[in-house]
Amino acid sequence: MLDRVIHLLPPELKAVLEKLPESAMEHLEEIRIREGRPLELGIRGQSRFAASDGTLRAGSDGAYKPTADICRKLLEKITNHSLYAMEEELKRGFITVAGGHRIGLAGRTILDGGNVRGIRDIGGFNIRIAREVVGSARNLLPKLLDKNRKTVHSTLILAPPQQGKTTIVRDIARSISYGHWGLFENAAGWSGRKVGIVDERSEIAACVRGIPTFDVGPRTDIMDACPKAEGMMMLLRSMSPEVVIADEIGRPEDGEAIREASHAGISVIATAHAYDLQDARGRPVLKQLLEDGTFTYVVELKRTGEGFMHRVVAADLKDKLPPAAREPTAATSKGEQGRTYAGMQRGDAP
């Protein structure tokens, strides 16, 4: 995975990371760089600190500490030597680079009338490495199908950060677009559907000059780097999608756009930050969408060392259903697409 972002790193940092064990490189998910503080890595959902010789440890003692000069070089690389050109991204606190990799930034905020105008004195970076896991939604998708309309029901996918929401929703888009309906045999004759993706952070499709670098299917159109609410309305007006997909909803305008799309007969697949359905009810926009019956299903997603686990709840019966078991969605990498996990098919949470 390191090869996907190695070109962004200053030589000093690259030299440290290239010494990592091969297994760590393969499963690297995050690189957290903080000026003058230990270099932290996210590997298969676990935190590790890296020493200058590439060895990994659970504690921070003896870990490599990036200097101010290294952080400056990194910032110049990811902004292409122009902070001014990245003003909008800096305002949001992250930059998305080619390949869909998102780089979070931390520093001193610049305020204008109480609103964040940008960030300066940047001393913290979080490079999140995007990955395509074809087949990750294979077990989940059949449970979301509208068998009368031969498409997918409107569904809200919930999980805390870094649990695989974007990976799953990307594979759902790809599957629907191709007409690969997972394990539901009766859908073998269904055609693919026109999919519209609003990719506000350029992470789902990872477009470069408007062309997706991830496989999101042949019938998919993308509004790249576009606010979700505006993008949904633009797709409805111009591209006649049958399914609209958006990542990390939560603003009032997102809710209005989703309601508008659902009233137009379009299925909406959206993700949001929440641990579970109870958490989602605590967020006003999500609560209103659930109470309005906008979504047919709610999916609680969890990532484990073995893969993605999910719990599907019928939204209109959410207060009546008994607790549902979590089941695997699919394997964790392209090389494991056909794998199932002993015990998990019984619903045993890991």
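Annotations for the structure displayed:
- Boolean, LYS65 is in a helix (DSSP H, G or I), open to solvent by 20 Å² or more (accessible area, probe 1.4 Å) and not polar (S, T, N, Q): no
- Residue in segment 295-318 that is at pLDDT below 65, of a type in the set (D, E, K, R) and open to solvent by 40 Å² or more (accessible area, probe 1.4 Å) present: yes
- Residues being touching a Ser or Thr at 6+ places or on another chain (Cβ under 8 Å) and modelled with pLDDT of 85 or more - total across segment 97-118: 2
- Test: residue in segment 204-215 that is open to solvent by 50 Å² or more (accessible area, probe 1.4 Å) and among the polar types (S, T, N, Q): yes
- Test: residue in segment 174-188 that is closer than 30 Å to ILE78 by Cβ and outside the structural domain of PRO10 (by TED's automatic domain parsing): yes
- Flag for SER202 being at positive phi and within 15 Å of the chain's Cα centre (by Cα): yes
- Some residue of segment 157-179 being acidic (Asp, Glu) and in contact with a strand residue (DSSP E or B) (Cβ under 9 Å, 6 or more places away or on another chain): yes
- Matching entry among SER60, SER23 (being exposed (fewer than 13 other Cβ atoms within 10 Å of the Cβ), in contact with a strand residue (DSSP E or B) (Cβ under 9 Å, 6 or more places away or on another chain) and not assigned by TED's automatic domain parsing to the domain that holds THR213): SER23
- Residue among ASP254, ASP276, ASP292 that alone is of a type outside the set (Gly, Ala, Ser) and either crowded, with 17+ Cβ neighbours inside 10 Å or at pLDDT 95 or above (or both): ASP254
- Residues that are touching a Leu at 6+ places or on another chain (Cβ under 8 Å) and surrounded by fewer than 19 Cβ atoms within 10 Å (Cβ to Cβ) within segment 259-272 comprise ARG259, GLU260, ALA264, listed in sequence order.
- Candidate set: segment 37-56, residues that are part of a loop (DSSP other than H, G, I, E, B) and out of contact with any Gly (no Cβ under 8 Å at 6 or more places or on another chain); chosen: the one surrounded by the most Cβ atoms within 10 Å (Cβ to Cβ): LEU39
- Across segment 74-99, the qualifying residues are those that are in contact (Cβ under 8 Å) with a residue 60 or more places away in the chain and touching a helix residue (DSSP H, G or I) at 6+ places or on another chain (Cβ under 8 Å), and the one among them that is surrounded by the fewest Cβ atoms within 10 Å (Cβ to Cβ) is LYS77.
- Conditions (1) open to solvent by 10 Å² or more (accessible area, probe 1.4 Å); (2) within 28 Å of GLU40 (Cβ to Cβ); (3) modelled with pLDDT of 90 or more; (4) assigned by TED's automatic domain parsing to the domain that holds SER202; number of the one not met by PRO161: (3)
- Of all residues assigned to segment 7-19, none qualifies as being modelled with pLDDT under 95, part of a strand (DSSP E or B) and buried (at least 17 other Cβ atoms within 10 Å of the Cβ).
The values are calculated or read from the model by the stated rules, or taken from the named source; none is laboratory data. No experiment lies behind these values; they were computed from the predicted model shown. Cβ coordinates were reconstructed from backbone atoms using ideal geometry, including for glycine residues, and neighbour counts include every protein chain displayed. Only protein heavy atoms, including side chains, enter the accessible area calculation; ligands, DNA and RNA are left aside. Shrake-Rupley method; radii C 1.70, N 1.55, O 1.52, S 1.80 Å.
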